[in-house]
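For reference, the structure discussed in these notes is given below.
We did not get these values from a lab; they are worked out from the coordinates using the rules stated. Predicted, not measured: the structure shown is a model, and the values here were computed from it. Every residue, glycine among them, receives a Cβ derived from its backbone with ideal geometry; neighbour counts consider all protein chains shown.
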Amino acid sequence: MSDIKKFLYLNRKAPYGTIYALESLEVVLIGAAFEQDVSLAFVDDGVYQLVKGQDTSEIGMKNFSPTYNALGDYDVNKLYVEKESLEARGLTEDDLMPLTYEDEDDDWAEKPSIRVVSSAELADIMDEQDVVLAF
Amino acid sequence: MSKLHTVNKSPFEKNSLDACIRLAKEGGAVLLFEDGVYGATKGTVISDKVTAAMKGLTFYVLGPDMKARGIRDDQLLDGVKVVDYGGFVDLVADHDNVQPWL
Amino acid sequence: MKLGILINEGPYNHQASDSAYQFTKAALEKGHEIFRVFFYNDGVNNATRYSIPPQDDRNITQQWTELAEKHDLDLVVCVAAAQRRGIIDEGEQERNGKDGNNIAPGFRISGLGQLIEAGIQADRLVTFGD
């Protein structure tokens with residue numbers, strides 16, 4: 001087996017109501033230092049984590065949504081969002097934060113980190129993973 | 001690669017089993033444990049869905065969790081296999097990795 | 001085979017820790033190696049030695065302590081999750097000026113890197129949560 005494993009973080013829970021989304025993100029940030037192949041999947045209520053316009057000023061909790069935009073700086077730039085989960089919630093890609101990263105292999109061109117994929121495509125991506133972390 | 005999917009939620013309360021069936025690749029296995037065992041029973045609103053999923057996935061149920069909840073073998077959907085904790089360990093070892101549906 | 005175990009829920013409220021314990025015992029009986037048991041989210045609450053369950057109930061923390069002693073298990077509690085929830089060892093007590101600590105024998109507090117390492121080193125990672 002090669003030294004680099006494929007890690008998938010599977011996010012299926014909405015932010016704020018429970019701590020899972022935030023503590024999953026904390027693992028992603030720490031895990032980024034280990035130079036593994038990292039992907040994130042947002043499925044079911046997990047898609048709500050990426051919705052733009054989050055404002056926690058009136059609930060007394062920290063708004064951690066800006067952290068998703070910092071992921072690109074950690075070479076975490078494969079954020080797969082399941083299309084069916086978006087549609088089931090009346091959302092489109094336009095409702096999500098415009099997350100980007102700079103591609104060092106392409107003269108640091110700015111590229112989108114979010115990739116909306118169908119269930120079938122996501123099933124294939126998930127099938128390739130070595131380690132799945134879900135919280 | 002062949003995956004072991006684990007589902008520990010009642011399908012009548014959470015959509016974990018739904019998501020698992022939607023995103024699991026053919027040839028994988030699904031272990032229902034804790035409250036997930038209710039998904040293995042006959043005559044429910046999701047029985048047909050689970051039975052249909054059995055065409056591509058092998059379903060297992062954790063016997064100790066079933067027994068704790070008063071579920072008898074004859075209440076299980078045809079084709080569901082019962083394992084104990086040792087069997088759970090074997091399933092983990094026999095598949096390429098474990099995909100939890102929490 | 002080398003197995004990593006991840007526990008994301010506290011004792012009693014969820015079955016996660018009980019399931020993980022039964023699974024770990026069965027894996028050891030079958031001769032597998034447990035690379036590490038990692039406690040995250042509310043799972044860190046499994047590590048308090050101050051829990052007092054009723055006498056006719058199992059003591060989940062003590063079960064882990066005893067299993068760890070018997071099989072030399074590495075029970076690791078995430079420091080960030082533990083600090084939030086007041087699970088503290090002697091070192092954390094001193095660093096943060098607290099008046100006591102509550103970690104049970106057999107558990108140690110360390111960083112999230114230990115979870116990633118378990119993912120890399122272990123042949124399988126098995127998650128118990130909600």
Average beta carbon contacts from partner chains per residue of C:114-123, 10 Å cutoff: 5
Shielding of B:85-91 by partner chains, average beta-carbon count, 10 Å: 6
Just to check, using Stokes-Einstein with a Kirkwood Rh over alpha carbon pairs, what's the diffusion coefficient of chain A at 10 °C and 1.306 mPa s in µm²/s? 104
So for the stretch A:6-134: antiparallel DSSP bridges make up what percent, rounded to the nearest 5? 25
With a sphere of radius 14 Å drawn around the Cβ of C:Glu66, what net charge do the other residues whose Cβ falls strictly inside it have (Lys, Arg +1; Asp, Glu -1)? +2
Identify, among C:Asn41, C:Val77, C:Gly119, the residue whose Cα sits farthest towards the positive end of the charge dipole of the stretch C:2-128, taking +1 on the Cβ of Lys and Arg and -1 on the Cβ of Asp and Glu, with the dipole about the Cα centre. C:Gly119
Given axes a ≥ b ≥ c from the Cα gyration tensor, I'd like to know whether chain C is rounded (a/c under 1.5), prolate (a/b larger than b/c) or oblate. oblate
Cα centroid separation - the stretch C:14-41 against the stretch B:69-94, whole Å: 18
Euclidean distance between Cα centres, the stretch A:68-135 to the stretch C:46-119, Å: 35
Under the definition of partner shielding as Cβ atoms of other protein chains within 10 Å of a residue Cβ, what is the mean value for peptide A:124-132? 6
